[in-house]
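Readers should treat all values here as calculations from the given coordinates under stated rules, not as data from a laboratory. Every value quoted in this text rests on a predicted model; they were computed, and no experiment measured them. Using ideal geometry, Cβ is built from the backbone for each residue, glycine included, and neighbour counts are taken over all protein chains shown.
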C-alpha cells in the first residue's frame with residue numbers, strides 16, 4: 001500500500017475537505033481526489049461520503065483512519081531519525097587506534113570532535129594493529145588509526161593517508177650527542193639500544209648498512225623511556241609520542257637520510273557505507289596533523 005495514498009487520505013480526514021488537504025500537502029485538489037480514489041479502488045471500499053457541504057468518513061474510512069495515522073506517523077518519525085543522523089544530532093562512531101596514537105593524536109582529535117559533534121556517541125578502542133584490523137573486518141569498528149611495516153597486512157581495507165611519522169633518538173641528557181641538532185645512525189653503532197624486538201633485523205631502524213646492538217628488549221614506550229632515563233641505553237621515539245616524553249631524557253632528530261618513516265593511515269572496511277560522523281572525525285584528524 002502506497003504511503004502517499006494513506007497520507008492524502010489522512011489529510012482529507014484531518015482537514016475536512018479535499019481542498020484544505022490539498023493546500024496543506026501542496027497538491028492540487030484534483031490530485032488529492034485522485035489519490036483517495038486510487039486508495040478506495042485498492043481497498044474496494046468508499047472511504048468518504050461526498051456531501052454537498054463537504055465530506056464525511058464512511059465506516060471503512062473510520063476503520064482505516066487509526067491505521068493510516070499510525071503508519072504515516074511512524075514514517076514521519078523514521079524520516080526525522082534519518083535526518084538527525086545526517087545532521088549528527090544522533091549516531092555513533094567506533095574508532096580504533098594503535099597505542100602511540102593515543103599519546104596526542106587521538107585525545108586531541110576526540111576533544112575537538114566532541115566539541116563539534118557533542119550528540120554523537122564516540123567509543124575508542126586501543127590495540128595492536130592486527131587486532132584492530134580484525135575488529136574492522138568483523139564490523140566492530142568503523143575506522144582505525146593504524147600503521148604497518150608488514151607487506152599485505154592492510155590489504156582489503158580502504159586507506160586514507162594521515163601523516164608520516166618520523167623518528168627521534170631518545171638518550172640520557174649526559175649522552176655525548178644529547179646537544180646535537182641531529183645524529184646519524186652510523187654514529188650510534190657502538191651504543192646499546194633499547195628495542196621492541198630482540199632480533200636486530202626486525203627493528204624498525206635496521207637496514208643493510210646498520211644493525212643495532214640491542215641491550216634490552218622493552219615493548220612499551222613508557223618503559224623504554226625509563227631505561228633511557230636510567231642511562232641504560234638509547235631508543236627511538238616516534239614523532240607521534242614526543243609530546244609525552246618525560247623531561248629527564250633528551251630527544252635528538254635522526255638525519256633525514258637515516259630516519260625510518262611510519263606511514264599512518266585511517267583504515268576503514270572496503271565496500272561499507274561509512275557513518276555520517278566519520279568524515280567530521282577525519283577532518284579533526286587532519287586539523288590536528290596540520291597544527292603539529
Antiparallel DSSP beta bridges within the chain, percent to nearest 5: 60 percent
Under the helix-only model (-39500 (n - 2.57) for each DSSP H run of 4 or more, divided by the residues of the chain), the mean residue ellipticity at 222 nm, to 500 deg cm²/dmol, is -12000 deg cm²/dmol
For the chain, what are Rg and Dmax over the alpha carbons, in angstrom? 31.9, 105
So for the chain, averaging the separation of alpha carbon pairs under 8 Å that are six or more residues apart and normalising by length, what relative contact order in percent results? 21 percent
Average Cα contact separation per residue, the range 3-86, under 8 Å, 6 or more apart, as relative contact order %: 28 percent
With the crude spin-label approximation of a point 7 Å out along Cα→Cβ, what separation in nm comes out for residue 49 versus residue 92? 5.4 nm
Work out how much length residue 2 to residue 20 would gain on full extension: take 0.36 nm times their residue separation and subtract the Cα-Cα distance, in nm to one decimal. 4.4 nm
Points 7 angstrom from Cα along the Cβ direction at residue 190 and residue 128: gap in nanometres? 3.6 nm
Out of 220, 87, 187, a Gaussian network model of the chain with alpha-carbon springs under 10 Å gives the largest mean-square fluctuation to 187
Can you classify the range 167-260 as rounded, prolate or oblate using the Cα gyration tensor, where a ≥ b ≥ c are the square roots of its eigenvalues, rounded means a/c under 1.5, and otherwise it's prolate if a/b beats b/c and oblate if not? rounded
Between the range 219-279 and the range 75-121, what's the alpha-carbon centroid distance in Å? 25 Å
Among the DSSP beta bridges whose two residues both lie in the range 1-154, what percent are antiparallel, rounded to the nearest 5? 30 percent
Compute the length gained on full extension between residue 37 and residue 63: take 0.36 nm times their separation in residues and subtract their Cα-Cα distance, giving the result in nm to one decimal. 7.7 nm
Residues of the range 264-292 with backbone nitrogen within less than 16 Å of a virtual label 7 Å along the Cα-to-Cβ line of residue 164, please, listed as ranges. 264-265, 290
Cα gyration tensor shape for the range 80-142, rounded if a/c is under 1.5, else prolate or oblate: oblate
Rounded to the nearest 5, the percent of antiparallel DSSP beta bridges in the range 167-260 equals 60 percent
